[in-house]
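**Q** One structure follows; several queries about it will come next.
The values are calculated or read from the model by the stated rules, or taken from the named source; none is laboratory data. What you see is a predicted model, and the numbers here were worked out from it, not measured in a lab. With ideal geometry, Cβ positions are generated from the backbone for all residues, glycine too; neighbour counts draw on all protein chains shown.
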Amino acid sequence: MIFTVTLNPALDKTLCIPNFSIGQVNRVESLRVDAGGKGINVSKTIKELKGESTALGFIGGKNGGFIKEYLDSIEIRNDFIWINNEIRTNIKIVDTINNTFTDINEAGPIVSERDLEKIKKKLFDYVDENSVVVLSGSIPNGLKSSTYKNIIQHVLPKNVKIILDAEGDAFIYGIKASPYLVKPNKFELENAFDIKIDNDLALVEVCRKVVAMGVEYVVVSLGENGSLMVSKDKALKAKGLKVDVKSTVGAGDSMVAALALSIEKNYEMDYALRFAAATSTANVMTEGTQTAEYEVIKKLINEIEIEEINI
Ligand SMILES: Nc1ncnc2c1ncn2[C@@H]1O[C@H](COP(=O)(O)OP(=O)(O)OP(=O)(O)O)[C@@H](O)[C@H]1O
Ligand SMILES: [Mg+2]
């Protein structure tokens, strides 16, 4: 079973405002509300990929109720810890005339160390050696940057496979606890190691440093330039496909969903990368925060070009 953990979920409100102007009265042409937060997005894509997952995390207030109801309605198993405060609303403004996307993200409620202990216990009780745990997204106010490291160290004795998709200090601390797979984008990797990466070989070299820290697989997403997967003895690059891009929101999350399923199903590294690349490419071809379509993904799998980089 795959478990996704969303410590800081959000209600994503997407407003379509043609010709959005700062300092003016703007009219909303259309509006949609989605259950969001990175782990929840991963669970939604896993569902689209015909897999199963259980969504864990912290929710509270009316927005929390909306997220739970939504997940129940599309039959994604969930078992959240309820906190006293309302969870955040993230606003996404899509301007179809000027082709701009503006994000306004709230910080979210304060979560206590006591709440963290509750989620660690819940996760520990759920998982066994066949589990894949996805830790992704920002860490809520009130919890330390070492929170993911703390969770990983707590559940690792159960031999679970952990995917970490985090940035900044949460990523830097997290890799020290040896998760099974990490999925930074290039920018996150550059930040973590305080370097500029300008070619594939330099990229592979940094990934190998992460592998040397005890991480089995490093997958780096490169936006339109594709992705790279590095293990102890292999480096594979999936070239980016030129497609009609509708929205890049959640591209990384959809990639993580495909990687989680690949681990669960024991796919070979080559196929896992192909599957992850196809899923994320299909995702950018889909509007807004909606997930990619399975039929499109199946077609794209054969179109992804993989090349091996000698290491
Ligand atoms: N413009 C694009 N054209 C084609 N494919 C894309 C494009 N942008 C993203 N992708 C696909 O999605 C994958 C993940 O994208 P990206 O590197 O932007 O992730 P990310 O920065 O982690 O995103 P997120 O904001 O969801 O965390 C890429 O490796 C690629 O396969
Ligand atoms: Mg990302």
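**Q** Just for the stretch 107-119: of the residues that are in a helix (DSSP H, G or I) and more than 24 Å from residue 51 (Cα to Cα), which one is farthest from the chain's Cα centre (by Cα)?
**A** Taking the stretch 107-119 first, the residues in a helix (DSSP H, G or I) are 113-119.
The next check asks that each one be more than 24 Å from residue 51 (Cα to Cα); those that pass are 113-118.
On the way: 113: 23, 114: 25, 115: 22, 116: 20, 117: 23, 118: 23 Å.
My answer is 114.
Each row is one residue, and each column tells you yes or no for (1) surrounded by fewer than 16 Cβ atoms within 10 Å (Cβ to Cβ); (2) modelled with pLDDT of 95 or more; (3) within 8 Å of ligand 1 (Cβ to nearest atom); (4) among the aliphatic types (A, V, I, L, M).
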site	(1), (2), (3), (4)
182	no, yes, no, yes
187	yes, yes, yes, no
210	no, yes, no, yes
213	yes, yes, no, yes
221	no, yes, yes, no
227	no, yes, yes, no
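**Q** Condition first: closer than 28 Å to residue 143 by Cβ, surrounded by 19 or more Cβ atoms within 10 Å (Cβ to Cβ) and within 12 Å of ligand 1 (Cβ to nearest atom). Can you find one or more residues in the stretch 231-239 that meet it?
**A** No, that holds for no residue.
**Q** Right, something else. If you check residue 12 against the conditions, is it among the acidic types (Asp, Glu), at pLDDT below 95 and either within 21 Å of the chain's Cα centre (by Cα) or away from ligand 1 (no atom under 16 Å from the Cβ) (or both)?
**A** Answer is yes for this residue.
**Q** Among the residues of the stretch 90-99, is there at least one that is closer than 22 Å to residue 12 by Cα, of a type outside the set (Lys, Arg) and within 18 Å of the chain's Cα centre (by Cα)?
**A** Yes, the stretch 90-99 has at least one match.
**Q** If you don't mind, there's one more thing I want to ask. List every residue pair whose Cβ atoms sit under 9 Å apart, with the two residues 6 or more apart in sequence or on different chains, where the first one lies in the stretch 233-252 and is farther than 17 Å from residue 275 by Cα and the second, anywhere, is of a type in the set (D, E, K, R) and not in a loop (DSSP other than H, G, I, E, B).
**A** Once the first residue is farther than 17 Å from residue 275 by Cα and sits in the stretch 233-252, its partners that are of a type in the set (D, E, K, R) and not in a loop (DSSP other than H, G, I, E, B) give 234/270; 234/308; 245/224; 248/224; 249/12; 249/92; 249/103.
**Q** Test each condition in (1) under 18 Å from residue 4 (Cα atoms); (2) surrounded by fewer than 21 Cβ atoms within 10 Å (Cβ to Cβ); (3) among the hydroxyl-bearing types (Ser, Thr, Tyr) for residue 43 and report the one that comes out false.
**A** All conditions are met except number (2).
**Q** Then there's this: Yes or no: residue 268 within 16 Å of ligand 2 (Cβ to nearest atom) and farther than 19 Å from residue 134 by Cβ?
**A** Numbers: within 16 Å of ligand 2 (Cβ to nearest atom): no; farther than 19 Å from residue 134 by Cβ: yes.
No; evaluated as a whole, the condition is false for this residue.
**Q** While we're on this one: Among the strands (runs of 3 or more DSSP E) confined wholly to the stretch 13-95, which include 3 or more residues that are of a type in the set (Gly, Ala, Ser)?
**A** Details: elements: 30-36, 53-59, 88-95.
Answer list for the stretch 13-95: 30-36, 53-59.
**Q** Considering each of 111, 133, 127, 94 in turn, give the residue that is away from ligand 2 (no atom under 16 Å from the Cβ) and in contact with a Pro (Cβ under 6 Å, 6 or more places away or on another chain).
**A** Exactly one of 111, 133, 127, 94 is away from ligand 2 (no atom under 16 Å from the Cβ) and in contact with a Pro (Cβ under 6 Å, 6 or more places away or on another chain), namely 111.
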